[in-house]
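Notes follow once the structure below has been shown.
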Amino acid sequence: MYNRLKILYQLQVLDDQLDELEELRGDLPNAVDALQTQINGLKEEIDTKEKEKKESLLKREENDETVEKLKVNQKKFKAQLYQVRNNKEYDALTKEIDHTEEEITRLEEENNRLADLNKKLSDEVDSIKPQLSELKDELKVKEADLKEIVKSNEKEETKLRGRRKEIEEEVKRPDYSAYMRIRKAKRGKAVSTIKRSACSGCHNIVPSQRQLEIRRNSRLFFCEYCGRILVSPEIAEAAE
């Protein structure tokens, strides 16, 4: 049991050192992720607007072709007015001419709206591009800063992670499960020792009888206040 407790405390010491290296990065990893998310969002917005612009342009071209065909038909109908033999044919032709005129007007008005939409989308894209450029520049700076920090601690971190892997393999599975569960709940600190008769994690006093039991190093004990694994000062000294 002594070795089980010692290994757990050694694991905590290594994780403390890795956490310190992680803290040196500050909020840079989150900032980089946030910037990348913003950039991706703006890119998607530009892509959507460019697609809409393309669709509106194709629709205008389609409308222009239809208008040209309608104008040809309209000219033909007007020419036929001089060849009608009765009022019924005349009414039918004038009705076709009016309908064609209405359709031409509708399509030209639609094209005007599409032209306005295209201009609006172009202006919006133009207003987004400077924002995108600024975010990309900011991302480059933060990525460079993060890379520099990571590189400066790379050797130490690699060494610590290698040692941690070795220690982890020595920890019993139930102990490791409990350790990781507590570590997650307590933001890193899963194993504490007794300092000045108190838990070093939450600083609550540990009863004298419980301190004696913990010093026997015979089983796992948990702090009744914070739930961390408690080990004796002797275990901590041996582990460190």
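We did not get these values from a lab; they are worked out from the coordinates using the rules stated. Being a predicted model, the structure only gives us computed values, none of them experimental. Using ideal geometry, Cβ is built from the backbone for each residue, glycine included, and neighbour counts are taken over all protein chains shown.
Show me the three semi-axes of the equivalent ellipsoid for the chain, from the C-alpha gyration tensor (sqrt of 5 times each eigenvalue), largest first, rounded to whole Å.
Equivalent ellipsoid of the chain: 82, 21, 14 Å, largest first.
Among 212-218, 122-128, how do they line up by average Cβ neighbours within 10 Å per residue, starting with the highest?
Values: 212-218: 14.6, 122-128: 12.7.
Output ranking for 212-218, 122-128: 212-218, 122-128.
According to the square roots a ≥ b ≥ c of the eigenvalues of the Cα gyration tensor, what is the shape class of region 119-196, taking rounded for a/c under 1.5, prolate for a/b larger than b/c otherwise, and oblate for the remainder?
The shape class here is prolate.
Given H placed on each backbone N at 1.01 Å, which residues far from Ala198 in sequence or on other chains put an amide H within less than 5 Å of it?
Distant-sequence amide H within range of Ala198: Val206.
Relative to the longest principal axis of the chain, what angle (0 to 90°, nearest 10) does the C-alpha long axis of helix 154-170 take?
Approximately 60 degrees, to the nearest 10.
How tilted is helix 28-80 with respect to the longest principal axis of the chain? Cα atoms for both, answer in degrees (0 to 90, nearest 10).
10 degrees
Please grab the % of Cα pairs in region 89-153 that end up more than 17 Å from each other.
Of all Cα-Cα distances in region 89-153, 69 percent exceed 17 Å.
Could you tell me the relative contact order of region 26-154? Use alpha-carbon pairs under 8 Å, at least six residues apart, and round to a whole percent. Don't skip to the answer; put the middle values down first.
Working: 67 pairs, mean separation 60.8, N = 129.
Taking the mean separation of contacting Cα pairs over the length of region 26-154, I get 47 percent.
For the charge dipole of region 69-151, defined by +1 on Lys and Arg C-beta atoms and -1 on Asp and Glu C-beta atoms about the Cα centroid, which residue among Asn73, Ser127, His99 has the Cα displaced farthest towards the positive pole?
Of the listed residues, the answer is Asn73.
How large is the Kirkwood hydrodynamic radius of region 14-68, in angstrom, based on all distinct alpha carbon pairs?
15.2 Å
Among the listed pairs Lys155/Lys195; Lys53/Lys129; Lys151/Lys172; Lys43/Lys142, which are separated by more than 27 Å between their Cα atoms?
Exceeds cut-off: Lys155/Lys195; Lys151/Lys172.
What does the C-alpha gyration tensor say about the overall shape of region 26-154? Classify as rounded when a/c is under 1.5, otherwise prolate if a/b is larger than b/c, or oblate.
Prolate, since a/c reaches 1.5 and a/b exceeds b/c.
By average Cβ neighbour count within 10 Å, what is the ranking of 66-74, 183-191 from highest down?
With the highest mean Cβ count within 10 Å placed first, the list reads 183-191, 66-74.
Compute the relative contact order of region 93-240 as a whole-number percentage, counting only Cα pairs closer than 8 Å that sit 6 or more residues apart in sequence.
Details: 84 pairs, mean separation 20.0, N = 148.
This gives 14 percent for region 93-240.
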